Amino acid sequence: VQLQASGGGLVQAGGSLRLSCTASGRSVSTYNMGWYRQAPGKQRELVAAFASTGTTNYADSVKGRFTISRDNAKNTLYLQMDSLKPEDTAVYFCNLQRIVGGTVWGQGTQVTVSS
């Protein structure tokens, strides 16, 4: 399976962006997936997770502002980001966790929020 992330860009504080992560090669419906981000000089951190059961989980810093969802028919994971803040600036990565074969990462998409 391969993941292709898109949707990043430059936005003013308070604005919105929607990231997409499309998988090819295999259906994602039975996998746990997530969005992570990495800001310059910082470690990669979990932003939001989407379990195969449909359960979602969010970092405290994005709760109430970001929404993770998945369209199994389109094999795509989304991250709707609203009320963006400058501290949300980072490269955003999607991933898919396999029991056999480990974690697959997308290539990352840059999100820049200007103040």
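One decimal place: the segment residue 98-residue 69 gains 8.6 nm when fully extended, by the rule 0.36 nm per residue minus the C-alpha distance.
Based on C-alpha pairs under 8 angstrom that are at least 6 apart in sequence, the chain has a relative contact order of 37 percent.
Ordering 68, 9, 27 by the projection of their Cα atoms onto the charge dipole of the chain, which places +1 on the Cβ of Lys and Arg and -1 on the Cβ of Asp and Glu, puts 27 at the extreme positive end.
Taken about its Cα centre, the chain carries a charge dipole of roughly 200 debye when the Cβ of each Lys and Arg holds +1 and the Cβ of each Asp and Glu holds -1. Carbon-plus-sulfur fraction of the accessible area of the chain, 1.4 Å probe, in percent? Answer for the chain is 47 percent, counting heavy atoms of protein chains only.
For the stretch 4-63, averaging the sequence separation of C-alpha pairs within contact (under 8 Å, six or more residues apart) and dividing by the residue count gives a relative contact order of 21 percent. Taking amide H atoms as placed 1.01 Å from N in the peptide plane, the amide H of residue 89 lies under 5 Å from those of 113, each 5 or more residues away in sequence or on another chain.
Centre-to-centre, using Cα atoms only, the stretch 12-87 and the stretch 90-115 are separated by 9 Å. Per residue, the stretch 1-98 exposes 51 Å² of solvent-accessible protein surface, assessed with a 1.4 angstrom probe and all protein chains in place. Partner lysines whose Cα lies under 22 Å from the Cα of residue 85, excluding those fewer than 8 positions away in the same chain, are identified as 42, 63. Dividing the C-alpha radius of gyration of the chain by 2.2 N^0.38 Å, with N its residue count, gives 1.00.
The values are calculated or read from the model by the stated rules, or taken from the named source; none is laboratory data. Everything numeric here is computed off the predicted structure, so don't read it as measured data. A quick note on method: Cβ atoms are made from the backbone with ideal geometry, for glycine too, and the neighbour counts reach across all protein chains shown. Heads up: the accessible areas ignore ligands, DNA and RNA and are worked out on the full protein's heavy atoms, side chains in. Shrake-Rupley method; radii C 1.70, N 1.55, O 1.52, S 1.80 Å.
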